[in-house]
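Novice: Sharing a structure with you now.
The values are calculated or read from the model by the stated rules, or taken from the named source; none is laboratory data. Fair warning: this is a prediction, and the values are worked out from it, not measured in the lab. Here the Cβ is made from the backbone with ideal geometry for all residues, glycine too, and neighbour counts use every protein chain on show.
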Amino acid sequence: MSTLATPQRWPAENIWQSVVPHLPGFSVEILPEIDSSNTELMRRARAGQHDPILLVAERQSAGRGRQGRAWLGELGDALTFSIGLPYQPDNWSGLSLAVGLSLAESLGPDVQLKWPNDLWRQQRKLGGILIEAASQGPQSYAVIGVGLNVRKPTATDLRTPAAAIQEFWAEATAPLVLERVAAPLIRMLLEFKSQGFAPLQHRFNQRDAILGQVVHTSDGIQGVCEGVDELGVLQIDTAQGLVKVNNAEVRVRPLHLSAGA
């Protein structure tokens with residue numbers, strides 16, 4: 001196991017012990033500061049490092065969210081980490097939903113999911129997911145990045161109002177949250193690899209933050225959200241009939257919220 005000493009007390013040993021029987025060669029690494037945990041693991045993958053790893057950044061100076069948006073983690077305010085592993089599921093469709101579902105179920109019953117890769121609580125954003133892949137010959141190396149607000153961000157120019165884990169778990173710290181979510185998330189990734197999204201469809205729809213709401217998309221579709229299908233594709237009931245949305249770059253918002261969020 002590879003672990004770097006840092007000021008916070010991280011549960012690296014506990015996580016490693018719970019994961020390595022299911023994922024041989026797995027390691028845990030904690031860095032005090034880095035540009036982006038996803039960027040670092042993608043750099044390593046391109047340089048030929050393909051071992052399974054959990055990389056935690058205590059602070060990110062150039063974190064990346066969906067569509068190139070910044071995700072900056074200040075010390076203690078956010079939990080930012082990435083999981084890298086050789087990964088070639090039969091079907092990648094719904095992977096970000098499976099990741100979000102694992103995180104939400106670990107955090108508690110009030111955490112909801114907004115297609116395709118956000119965690120919400122009370123119509124506010126609690127966290128986000130960024131999935132990337134690097135080619136490794138016939139195999140792919142997947143990098144699954146997660147950012148969660150432990151404390152409420154101080155920024156006031158956010159596209160979506162922010163929620164924080166400490167609102168419902170007062171004692172939460174970044175290390176405690178990591179210990180709660182990491183091992184179940186890796187188990188979810190291994191299950192998804194062999195089973196895909198279909199077994200998770202019902203559980204996702206139970207936590208769907210926009211299910212039954214009138215929504216609009218950034219490419220002009222408007223209608224009532226009907227949840228996701230067995231592949232994790234979003235279904236919208238429009239005046240022209242049921243439309244399926246499977247492009248992660250399409251933004252979907254409840255009609256009462258700003259379209260730019």
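Novice: Taking strands (runs of 3 or more DSSP E) that do not extend beyond the range 107-225, which have at least 1 residues that are assigned by TED's automatic domain parsing to the domain that holds I53 and modelled with pLDDT of 95 or more?
Specialist: Those strands (runs of 3 or more DSSP E) span 112-114, 118-121, 124-136, 139-149.
Novice: Any chance you could count how many residues in the range 15-43 are part of a loop (DSSP other than H, G, I, E, B), touching a Ser or Thr at 6+ places or on another chain (Cβ under 6 Å) and among the polar types (S, T, N, Q)?
Specialist: Of the residues in the range 15-43, 0 are part of a loop (DSSP other than H, G, I, E, B), touching a Ser or Thr at 6+ places or on another chain (Cβ under 6 Å) and among the polar types (S, T, N, Q).
Novice: State all residues of the range 103-140 that are farther than 19 Å from L211 by Cβ and surrounded by fewer than 20 Cβ atoms within 10 Å (Cβ to Cβ); if no residue qualifies, say none.
Specialist: If the condition is that a residue be farther than 19 Å from L211 by Cβ and surrounded by fewer than 20 Cβ atoms within 10 Å (Cβ to Cβ), then S106, E132, A133, A134, S135, Q136, G137, P138, Q139, S140 are the ones that fit.
Novice: Also, I was wondering about something else. Scan S61, S36 and give me the residue that is of a type in the set (G, A, S), closer than 17 Å to V146 by Cα and surrounded by 14 or more Cβ atoms within 10 Å (Cβ to Cβ).
Specialist: S36
Novice: To continue, here is another question. How about the range 118-138: which of its residues are touching a residue at least 60 places away in the same chain (Cβ under 8 Å) and over 13 Å from the mean Cα position of the chain (by Cα)?
Specialist: Once the filter is applied, which keeps residues that are touching a residue at least 60 places away in the same chain (Cβ under 8 Å) and over 13 Å from the mean Cα position of the chain (by Cα), the range 118-138 yields Q123, A134, Q136.
Novice: Checking Q112 against (1) touching a residue at least 24 places away in the same chain (Cβ under 8 Å); (2) over 30 Å from C225 (Cα atoms), only one condition comes out false. Which one?
Specialist: Looking at each condition in turn, Q112 falls short on (2).
Novice: Residues of the range 190-240 being farther than 17 Å from Q112 by Cβ and among the acidic types (D, E), which ones?
Specialist: Those that are farther than 17 Å from Q112 by Cβ and among the acidic types (D, E): E191, D219, D229, E230, D237.
Novice: Another one. Among the listed residues V181, V228, V215, V150, which satisfies the condition of being β-branched (V, I, T) and closer than 16 Å to R121 by Cα?
Specialist: The unique qualifying residue is V150.
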